[in-house]
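Please read the structure below before turning to the comments.
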Amino acid sequence: MMMDFTHFNTAGYARMVDVSEKTDTVRIATAQAVVRMQPATLQTIRNGGIKKGDVLAVAQVAGIMGAKQTAGFIPMCHPLMLTSVDISFAINEPDASITICCQVKTTGKTGVEMEAISGASIAAMTVYDMTKAIDRWMEISDIRLLEKSGGKSGHVKREQLGEGIPCIKQQF
């Protein structure tokens, strides 16, 4: 399948895509990131034993901030007026992991996939940062878009979510 690359101008230089002719629609995207750690680290997070503070509360705020600042660190992203950012966590004891879900909403001309991915990623990095003193070998993985709706492509949902993916809380 051949696709036109719209991020280049006629001279071949990078440009931000012109979305001025697109129709405003409600746009929603959900993404995830997974942080795997030692079981003792997960227990320390759950018990509030991290000296830096409440890991999930700080990661939640960081994820929201990350989603809001996406255009500042992804060069071709449009600055968007987000109407909602929701960060949630699912703790998986057997796997010693935390799945972070970020759902972002706006009404506009372009989607919020990058904002959702950024929010989940920044929240995951914050979990790592706050607990690295007790577990340097945590792993951040499975960063991916799960679902999006709005715009020309409509509603798109990842087919193979795998086992135990708790992010999708509602249907769009």
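The values are calculated or read from the model by the stated rules, or taken from the named source; none is laboratory data. From a predicted model like this one, the values you see are computed outputs, not experimental measurements. Using ideal geometry, Cβ is built from the backbone for each residue, glycine included, and neighbour counts are taken over all protein chains shown. Surface areas here come from the heavy atoms of the whole protein model, side chains and all, with no ligands, DNA or RNA. Shrake-Rupley method; radii C 1.70, N 1.55, O 1.52, S 1.80 Å.
Could you identify the single residue in 10, 44, 23, 99 that is under 20 Å from the mean Cα position of the chain (by Cα) and among the β-branched types (Val, Ile, Thr)?
On the way: 10 fails: under 20 Å from the mean Cα position of the chain (by Cα); 44 fails: under 20 Å from the mean Cα position of the chain (by Cα); 23 fails: under 20 Å from the mean Cα position of the chain (by Cα).
On inspection, the qualifying residue turns out to be 99.
Annotation note: of 40, 71, the sole residue that is touching a His at 6+ places or on another chain (Cβ under 8 Å), small (Gly, Ala, Ser) and more than 27 Å from residue 159 (Cβ to Cβ) is 71.
Within the set 6, 10, 41, 25, the sole residue that is of a type in the set (S, T, N, Q), touching a residue at least 12 places away in the same chain (Cβ under 8 Å) and over 18 Å from residue 127 (Cβ atoms) turns out to be 25. Applying the criterion of being in a helix (DSSP H, G or I) and of a type in the set (A, V, I, L, M, F, W, C) to the residues of the stretch 66-76, the residue that is surrounded by the fewest Cβ atoms within 10 Å (Cβ to Cβ) is 73. Here residue 106 clears all of (1) open to solvent by 40 Å² or more (accessible area, probe 1.4 Å); (2) closer than 13 Å to residue 19 by Cβ except the condition numbered (1).
Can you pull out every residue in the stretch 15-46 that is surrounded by fewer than 17 Cβ atoms within 10 Å (Cβ to Cβ) and among the basic types (Lys, Arg)? Listed by number, the residues that qualify are 15, 22, 46. The single residue among 149, 141, 153, 121 that is over 24 Å from residue 27 (Cβ atoms) and among the small types (Gly, Ala, Ser) turns out to be 141. Restricting 53, 63, 12, 49 to residues that are of a type in the set (Gly, Ala, Ser), open to solvent by less than 70 Å² (accessible area, probe 1.4 Å), in a loop (DSSP other than H, G, I, E, B) and on the phi < 0 side of the Ramachandran plot narrows the list to 49. If you go through the stretch 77-102 and keep only what is part of a strand (DSSP E or B), closer than 18 Å to residue 27 by Cα and among the β-branched types (Val, Ile, Thr), you end up with 85, 87. Using the structure shown, decide if residue 105 is of a type outside the set (A, V, I, L, M, F, W, C), out of contact with any Pro (no Cβ under 6 Å at 6 or more places or on another chain) and in a loop (DSSP other than H, G, I, E, B). Considered against the rule, which asks whether it is of a type outside the set (A, V, I, L, M, F, W, C), out of contact with any Pro (no Cβ under 6 Å at 6 or more places or on another chain) and in a loop (DSSP other than H, G, I, E, B), residue 105 comes out as no.
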